[in-house]
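Undergrad: Structure provided below as structure tokens; questions to follow.
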Amino acid sequence: MNEGCNDRRWRTGSWLAMEWVLLRLFSCGIAWGVFGGLAVRFYGGPRPVSDIDILVSPGCLERAAMMLGTPIAMEVSEQVRLRRATRWGVDLCGDVVAAVDGGIQPFTLDVEMARRRHIRLWYGMPLFVIAPEDTLVLKAIAQRGPEDGKRDVADVAAILQRQQRLDRGYLMWRAEVCGAADRVRSLIAQLE
């Protein structure tokens with residue numbers, strides 16, 4: 001994981017790449033929301049970020065990849081499978097699927113998730129960021145650890161610690177929609 005996210009050159013390059021990508025998403029009318037590590041930084045405090053993950057509306061990844069001029073790749077782990085198009089450290093993701101209790105559950109930027117996005121400033125640039133509840137649910141489903149180069153459980157703990165006003169009703173609704181209510185509830189109980 002790139003610990004150099006505080007390096008001025010990395011920030012400047014990421015900012016310029018993000019600006020380029022966002023201008024194209026807006027011009028194409030594609031709904032989006034930042035998720036993953038950068039979302040955790042907003043809701044759970046400082047943590048290393050090696051890339052910027054953006055979840056796009058269902059069915060829009062092909063158009064977004066064409067806009068970026070980059071191919072779509074598949075990332076597969078034991079818990080999560082997703083398709084992404086990457087350019088300059090910005091990953092546009094779609095079709096995020098989590099393996100939960102033998103089943104496969106989609107995690108998509110649906111109408112409710114889009115409605116609950118927060119606007120956060122990142123080095124002066126306004127970003128749509130998926131809500132802390134949605135961020136927590138995705139991380140609680142995946143529960144990947146250092147052996148996978150991830151920190152999902154630590155991210156959930158950080159969000160729980162810093163976000164005192166989580167909408168628990170919505171959080172559990174989202175976990176139900178993802179077919180992962182027991183998994184999410186169990187991890188929260190362990191961490192609180």
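The values are calculated or read from the model by the stated rules, or taken from the named source; none is laboratory data. All of these numbers come straight from a predicted model, not from anything done at the bench. Cβ placement follows ideal geometry from the backbone for every residue including glycine, while neighbour counts extend to all protein chains displayed.
Per-residue answers, yes or no, for (1) of a type outside the set (V, I, T); (2) without any contact (Cβ under 8 Å) to a residue 40 or more places away in the chain; (3) closer than 24 Å to D95 by Cα; (4) in contact with a helix residue (DSSP H, G or I) (Cβ under 7 Å, 6 or more places away or on another chain):
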{"position": "V137", "(1), (2), (3), (4)": "no, no, yes, yes"}
{"position": "I141", "(1), (2), (3), (4)": "no, no, yes, yes"}
{"position": "A158", "(1), (2), (3), (4)": "yes, no, no, yes"}
{"position": "L166", "(1), (2), (3), (4)": "yes, yes, no, yes"}
{"position": "L171", "(1), (2), (3), (4)": "yes, yes, yes, yes"}
{"position": "S186", "(1), (2), (3), (4)": "yes, yes, no, no"}
{"position": "Q190", "(1), (2), (3), (4)": "yes, yes, no, no"}
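Undergrad: Does segment 156-171 include one or more residues that are closer than 21 Å to Q105 by Cα, in a helix (DSSP H, G or I) and either among the β-branched types (V, I, T) or at pLDDT below 95 (or both)?
TA: yes
Undergrad: Another question, if that's okay. Report yes if I188 is part of a helix (DSSP H, G or I), closer than 22 Å to M113 by Cβ, at pLDDT below 90 and hydrophobic (A, V, I, L, M, F, W, C), otherwise no.
TA: Answer is no for this residue.
Undergrad: Next up: Among the residues of segment 53-61, are any of a type in the set (G, A, S) and touching a helix residue (DSSP H, G or I) at 6+ places or on another chain (Cβ under 9 Å)?
TA: Yes, segment 53-61 contains at least one residue that is of a type in the set (G, A, S) and touching a helix residue (DSSP H, G or I) at 6+ places or on another chain (Cβ under 9 Å).
Undergrad: Another question, then. Name the residue that is modelled with the highest pLDDT, counting only residues in segment 71-93 that are surrounded by 17 or more Cβ atoms within 10 Å (Cβ to Cβ) and among the polar types (S, T, N, Q).
TA: Here the residue is T86.
Undergrad: Which residue out of V96, V129 is modelled with pLDDT of 90 or more, crowded, with 16+ Cβ neighbours inside 10 Å and touching a Leu at 6+ places or on another chain (Cβ under 8 Å)?
TA: V129
Undergrad: For segment 99-126: of the residues being exposed (fewer than 11 other Cβ atoms within 10 Å of the Cβ) and touching a strand residue (DSSP E or B) at 6+ places or on another chain (Cβ under 8 Å), which is nearest to A65 (Cα to Cα)?
TA: P126
Undergrad: How many of the residues in segment 96-111 are outside any strand (DSSP E or B) and touching a residue at least 24 places away in the same chain (Cβ under 8 Å)?
TA: 4
Undergrad: Conditions: (1) within 13 Å of the chain's Cα centre (by Cα); (2) closer than 21 Å to L23 by Cα. I72 meets all but one. Number of the miss?
TA: If we test I72 against (1) within 13 Å of the chain's Cα centre (by Cα); (2) closer than 21 Å to L23 by Cα, just (1) comes out false.
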